[in-house]
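**Student:** Dumping the structure here so I can ask a few things about it.
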Amino acid sequence: MGSFSIWHWLIVLVLIGLPLVFVLRAAPAGANRFGEMPPPMSFSEAVSSFFRNYVNFSGRASRSEFWYSYLFIIIVGVVSVIADAIVQNEIISSIWNLAALLPTLAMTTRRLHDINRSGWHQLLAWFIPIGSIALIIWYCKKSDDTATLSELERVFK
């Protein structure tokens, strides 16, 4: 029971080393390749943007849009769980979770684009705790406000 085989070390390496490769790699230098700088939003603007960009995985989402949308998702989730408890069924929260899945993935992808990272980085959440901690830090990070490609194109026209 005291032996730590090569397979155990391989599992540890995959669960800790692999996410660290992606986490410690710097975002690409230079212009943000995902579009124009997003404007800050109020709560109502963020919720309307959340539903308007239902499956829009391109572009960027500001911190305010991201966090206000997540606040809305949590509030509706809590209300749906309370409603499920009243009707003694889980159908309402299940429908809400399914309805919010794609826009949440899209919004998270746009938030990662805002810091000049690929949306595929949200797969790091499966590598607990390294990937989850890195994603939370990235979600809180200030927007990458370097010149966008379209601004560079305007300068060189």
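The values are calculated or read from the model by the stated rules, or taken from the named source; none is laboratory data. If you're wondering where the values come from, they're calculated on a predicted model, not measured in any experiment. Here the Cβ is made from the backbone with ideal geometry for all residues, glycine too, and neighbour counts use every protein chain on show.
**Student:** Here is a list of conditions, (1) under 17 Å from LYS141 (Cα atoms); (2) part of a loop (DSSP other than H, G, I, E, B); (3) touching a Leu at 6+ places or on another chain (Cβ under 9 Å), and PRO38 meets all of them except one; can you say which number that is?
**Tutor:** In the conditions (1) under 17 Å from LYS141 (Cα atoms); (2) part of a loop (DSSP other than H, G, I, E, B); (3) touching a Leu at 6+ places or on another chain (Cβ under 9 Å), PRO38 misses (3) alone.
**Student:** Could you tell me whether any residue of the range 31-48 is under 14 Å from the mean Cα position of the chain (by Cα) and in contact (Cβ under 8 Å) with a residue 60 or more places away in the chain?
**Tutor:** Here is the first cut: in the range 31-48, the ones under 14 Å from the mean Cα position of the chain (by Cα) are none.
Taking every residue of the range 31-48 in turn, none turns out to be under 14 Å from the mean Cα position of the chain (by Cα) and in contact (Cβ under 8 Å) with a residue 60 or more places away in the chain.
**Student:** Give me a count of the residues in the range 41-76 that are assigned to a loop (DSSP other than H, G, I, E, B) and loosely packed, with under 13 Cβ neighbours inside 10 Å.
**Tutor:** Step one: list which residues in the range 41-76 are assigned to a loop (DSSP other than H, G, I, E, B), which gives 41-42, 53-62.
Okay, now just the ones that are also loosely packed, with under 13 Cβ neighbours inside 10 Å, so 42, 54-55, 58.
Counting residues in the range 41-76 that are assigned to a loop (DSSP other than H, G, I, E, B) and loosely packed, with under 13 Cβ neighbours inside 10 Å gives 4.
**Student:** Looking only at the range 14-28, which residues are of a type in the set (A, V, I, L, M) and either in contact (Cβ under 8 Å) with a residue 40 or more places away in the chain or surrounded by 11 or more Cβ atoms within 10 Å (Cβ to Cβ) (or both)?
**Tutor:** Filtering the range 14-28 down to residues of a type in the set (A, V, I, L, M) leaves 14-16, 18, 20-21, 23-24, 26-27.
VAL14, LEU15, ILE16, LEU18, LEU20, VAL23, ALA27 - these are the residues of the range 14-28 that are of a type in the set (A, V, I, L, M) and either in contact (Cβ under 8 Å) with a residue 40 or more places away in the chain or surrounded by 11 or more Cβ atoms within 10 Å (Cβ to Cβ) (or both).
**Student:** Quick one: how many residues across the range 106-141 are assigned to a helix (DSSP H, G or I) and free of Cβ contacts under 8 Å to residues at least 40 places away in the same chain?
**Tutor:** The qualifying residues number 12.
**Student:** Looking at the range 97-113, can you tell me whether even one residue there is buried (at least 19 other Cβ atoms within 10 Å of the Cβ) and among the charged types (D, E, K, R)?
**Tutor:** yes
**Student:** While we're here: Given the conditions (1) at pLDDT below 85; (2) at negative phi, which single one is not true for GLY30?
**Tutor:** GLY30 satisfies all of (1) at pLDDT below 85; (2) at negative phi except (2).
**Student:** Something else about it: Do we find that LEU152 is over 20 Å from PHE22 (Cβ atoms), at pLDDT below 95 and part of a helix (DSSP H, G or I) in this structure? So that I can check it myself, show each step before the final result.
**Tutor:** Details: over 20 Å from PHE22 (Cβ atoms): yes; at pLDDT below 95: yes; part of a helix (DSSP H, G or I): yes.
Considered against the rule, which asks whether it is over 20 Å from PHE22 (Cβ atoms), at pLDDT below 95 and part of a helix (DSSP H, G or I), LEU152 comes out as yes.
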